[in-house]
Amino acid sequence: MKNLTLEHIARAVGGTLTGFVKEPQREITAVTTDSRKVEPGALFIPIVGARADGHDFIPQVMAQGAACTLSEKDLGEQGFPYIRVDSSLQAVKDLAEYYLEQLDLPVVGITGSVGKTSTKEMIAAVLAQKFRVLKTQGNFNNELGLPLTIFRLREEDEIAVLEMGISDFGEMSRLAKVARPDYSVITNIGCCHLENLKDRDGILKAKTEIFDFMKPGGRAILNGDDDKLRTVRRVQGKSPLFFGMDQKNEIWADEVESLGLKGTRCRIHMGAESFSVQIPVPGRHMVSNALAGAAVGLSFGMTAQEIQAGIESLQPVSGRFHIMETEKFTIIDDCYNANPVSMKASLDVLKDALGRRTAILGDMAELGADERKLHAQVGQHAARAGIDALICVGELGGEIARAAREEDPSLSVVHLADLDALLDHLPELVKAGDTILVKASHCMNFERIVEALAELAGK
């Protein structure tokens, strides 16, 4: 890894290199916080967690061939090198910041209330038509996950596409200081993490902290259909590049046509150029993601043909509106996370499906004092969405069910107290030929429902 010698690491993290140091100029091969993934020549960073203390695994990882370890504890005289630090978590961020500086490659930072991951996937798919791209995997978008993503970069990579998720003020500043994006993409300002951020103005303030650490010459790329983001006038002396459905945006779309679960067709306009494209993932919201991808691709000098090919190459991510076709059901696995906006968007896609359209919905987390009201609004939307059956799980899921029944008494609505109750009754609640949407916040563990449905389909 470029310039990550033991001496340089110690300097970057403000630590003291001690123990038996035979080769201070030795360059490490990898960085990990997982003792199970240590390889010869790697740097191990022990994190103190709620269930385990990484320091307990230091003897094991050094015996496995790790080149060095960090430590918040004085290990005394050892037969291996270690770097003493005050905080391993701070050290991992400081080291990631240093390493990214050594690579000197452009960074696209992505944040927003809804659609961060799907937008990240779209942008990476577009850029991959011309560049070697490394992107955030899974949910590695926080103060530990972001550095671990950066450590996966190698000198042959040309662009980093980094997702950044936050739930409180100050978090974005800490993430952006590490990433130092050239381009800052914000998808929208919605109603997430209201417990800490209070309202949409608070969310806007927290998300736009990303601008404070953009590289000189960078540019903000914003959803111009979002009323809060439209208030952003100048970032580092430049007007943002706006994308959206409205023609007032620099990058915009029209001729939108739903293809059901096969995706969406639209025409994208980029100044004097335009092109038709079929987005292979369903949902009108994917048009906005495609526009973000087009805006970033254009910023990197890509042609309309390259951008079109990138959009059409997009692959769905497990847990993110991943469609599973079985002989018995069509399962829409959208259970990675949920909020009111994404919940409504997924219901709007379900209505275009074939067969009996069944939604299994659960609690949405971190919605603050208005959580019951926001769940009720989802229930009202479900009743109006043109679906055939609604199955709700959890305490707040009860609010979805109640509001749906009140809105449309003819809709088939079932409410179960918890996941175990749902799994017990699942065989009698679903029918052959159903298209089944499964969606809730990650804490509800709805991936178990997807697994159970797959098992039922295999019988």
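Laboratory data are not the source of any read-out in this text; all were calculated from the coordinates shown. Worth saying up front: this structure is predicted, and the values here are computed from it rather than measured. Every residue, glycine among them, receives a Cβ derived from its backbone with ideal geometry; neighbour counts consider all protein chains shown.
Mark the label point 7 Å from the Cα of ALA454 along Cα→Cβ and return the residues of region 407-423 whose backbone N is within less than 18 Å of it. What the label zone holds, given the 18 Å backbone N cut-off, is 423. Each stretch of four or more DSSP H residues adds -39500 (n - 2.57); spread over every residue of the chain, this sum gives -10000 deg cm²/dmol at 222 nm. Within the chain, DSSP assigns beta bridges of which about 35% are antiparallel (rounded to the nearest 5). Helix 285-299 axis versus longest C-alpha principal axis of the chain: approximately 40°, rounded to the nearest ten. Taking 0.36 nm per residue of separation and subtracting the current Cα-Cα distance, fully stretching the chain between GLN25 and SER274 would add 84.3 nm. Rounded, prolate or oblate: which fits region 322-458 when a ≥ b ≥ c are the square roots of the eigenvalues of the alpha-carbon gyration tensor, with rounded for a/c under 1.5 and prolate only if a/b beats b/c? Note, shape of region 322-458 comes out prolate.
Helix 447-458: angle to the longest alpha-carbon principal axis of the chain, degrees 0 to 90, nearest 10? The two axes meet at around 60 degrees. Highest-first packing order for the peptide set 256-268, 439-451 is 439-451, 256-268, based on the mean count of other beta carbon atoms within 10 Å.
For the peptides 272-281, 174-183, what is the packing order when you average, over each peptide's residues, the other Cβ atoms within 10 Å and list the highest mean first?
Numbers: 272-281: 16.2, 174-183: 21.8.
Sorting 272-281, 174-183 by mean packing, highest first, produces 174-183, 272-281.
Taking 0.36 nm per residue of separation and subtracting the Cα-Cα distance, full extension of the segment from GLN305 to ARG11 would add 101.3 nm. Only bridges whose two residues both fall in region 355-459 count here: according to DSSP, what percent of them are antiparallel, nearest 5? Restricted to region 355-459, the bridges split so that about 0 percent are antiparallel.
Over all orientations, region 178-290 has a Cα convex hull whose mean projected area works out to 8.4 square nanometres.
By the gyration tensor of its Cα atoms, with a ≥ b ≥ c the square roots of the eigenvalues, what is the shape of region 113-212: rounded for a/c under 1.5, prolate for a/b over b/c, or oblate? Prolate shape, in that a/c is at least 1.5 and a/b is the bigger ratio.
Given in Å, the Rg to one decimal and the Dmax to the nearest whole number for the Cα atoms of region 105-312 are 15.9, 44. I'd like the orientation of helix 116-127 relative to the chain: the angle between its Cα long axis and the longest Cα principal axis, in ° from 0 to 90, rounded to 10. So the helix axis and the longest Cα principal axis differ by about 70 degrees.
Cα centroids of region 385-459 and region 6-32: 52 Å apart.
Legend: Rg and Dmax of region 344-410, from Cα coordinates, 11.3, 38 Å. Listed by chain and number, the lysines placed with their C-alpha closer than 30 angstrom to that of LYS262 are LYS116, LYS120, LYS130, LYS135, LYS248, LYS328, LYS344, LYS351, LYS431, LYS439, LYS459; residues fewer than eight positions away on the same chain are left out.
Separation of region 62-121 and region 245-294, taken as the distance between their Cα centroids, equals 38 angstrom.
Note on the chain: along the principal axes its Cα atoms extend 75, 57, 42 Å, ordered by decreasing extent. Remark: the ARG267-ASN445 segment gains 60.3 nm on full extension, using 0.36 nm per residue and subtracting the alpha carbon distance.
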